[in-house]
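Heads up, the thing below is written out as structure tokens.
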Amino acid sequence: MSVAATTFAVFAASQVGTPGPANMALLATGARFGFRAALPFVAGVALGKQLVIWPVGFGLMQLADSAPWVFETLKWISAAYIIWLAWKVANLRLGPSDHAAKAPGFAAGLIVHPLNPKAWAMIVAGFTGFVAPGTDPLIATATIAAILLATQVLLHPLWTLAGDRIARTLAGTRAEPYLMYTLAGLTVASVLFVLFGGGT
């Protein structure tokens, strides 16, 4: 009766470190506003996943069994939100040309994972695939939560820093709009893969 913490940590790193809606949002935010300005958003994104982990750990999956339409509806609402974000990314331009624009803050980051279908799939997979039957819910949830938070603290800033470095190279060049279109396209592709490809 335990959590397979080591193997879950490997799984978590593979999921948190690969492209998905949250990482695309981090990359685009770092590119548009710079690494330092994006840090409150990064912190919100990292902590926002906890808003999913704890309810799932303490029985939300039972709701999925009794009312699956709730999760199906949430999945499509989430997908629509992420695709809307992608549209905004496609129309962003890098650099400080718009002085009125401010980087999204901590609160904006908090809602990214609750509206991210990849995050839900990852968390559900964690509880169903790496937690032994009969494990105390508090121990299981705390372990899953701690591993995911540690992984995000390490990897989310790297995506944001990558966006910042890309922007320094491409801002103001002919390649700039194509970069933003690519980021938006990857974001949409990641959502479609989760919805239709069975990925996490």
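Among the residues of region 131-153, what is the count of those that are in contact with a strand residue (DSSP E or B) (Cβ under 8 Å, 6 or more places away or on another chain), assigned to a helix (DSSP H, G or I) and more than 10 Å from residue 57 (Cα to Cα)?
To start, the set of residues in region 131-153 that are in contact with a strand residue (DSSP E or B) (Cβ under 8 Å, 6 or more places away or on another chain) comprises 131-132, 135, 139-140, 143-144.
Among the residues that remain, those that are also assigned to a helix (DSSP H, G or I) are: 139-140, 143-144.
So of that shortlist, the ones also more than 10 Å from residue 57 (Cα to Cα) come out as 143.
Of the residues in that region, 1 qualify.
What are the residues in region 1-36 that are of a type in the set (Val, Ile, Thr) and more than 14 Å from the chain's Cα centre (by Cα), if any?
Taking region 1-36 and keeping what is of a type in the set (Val, Ile, Thr), we get 3, 6-7, 10, 16, 18, 29.
Selection gives 3, 6, 7, 10.
Determine, yes or no, whether residue 173 is hydroxyl-bearing (Ser, Thr, Tyr), more than 30 Å from residue 58 (Cα to Cα) and not in a helix (DSSP H, G or I). Write out each step before concluding.
Details: hydroxyl-bearing (Ser, Thr, Tyr): yes; more than 30 Å from residue 58 (Cα to Cα): yes; not in a helix (DSSP H, G or I): yes.
Answer is yes for this residue.
Restricting attention to region 71-91, does a residue exist that is part of a helix (DSSP H, G or I), under 21 Å from the mean Cα position of the chain (by Cα) and modelled with pLDDT under 65? Explain how you work it out, then say what you get.
Quick first cut of region 71-91, residues part of a helix (DSSP H, G or I) only: 71-90.
From the residues that got through so far, the ones that are under 21 Å from the mean Cα position of the chain (by Cα) too are 71-90.
The next check asks that each one be modelled with pLDDT under 65; those that pass are 71.
Within region 71-91, one or more residues are part of a helix (DSSP H, G or I), under 21 Å from the mean Cα position of the chain (by Cα) and modelled with pLDDT under 65.
Mind checking which residues of region 1-43 are in contact with a Lys or Arg (Cβ under 7 Å, 6 or more places away or on another chain) and either surrounded by fewer than 19 Cβ atoms within 10 Å (Cβ to Cβ) or part of a loop (DSSP other than H, G, I, E, B) (or both)?
20
Is there a residue in region 31-43 that is closer than 22 Å to residue 132 by Cα and modelled with pLDDT of 80 or more?
We begin by selecting, within region 31-43, every residue closer than 22 Å to residue 132 by Cα; these are none.
No, region 31-43 has no match at all.
List every residue pair whose Cβ atoms lie under 7 Å apart, where the two residues are 6 or more positions apart in sequence or sit on different chains, the first residue falls within region 44-56 and is of a type in the set (Lys, Arg), and the second residue, located anywhere, is crowded, with 18+ Cβ neighbours inside 10 Å and outside any helix (DSSP H, G or I).
49/113
The values are calculated or read from the model by the stated rules, or taken from the named source; none is laboratory data. Predicted, not measured: the structure shown is a model, and the values here were computed from it. Neighbour counts run over all protein chains shown; Cβ positions are idealised from the backbone, glycine included.
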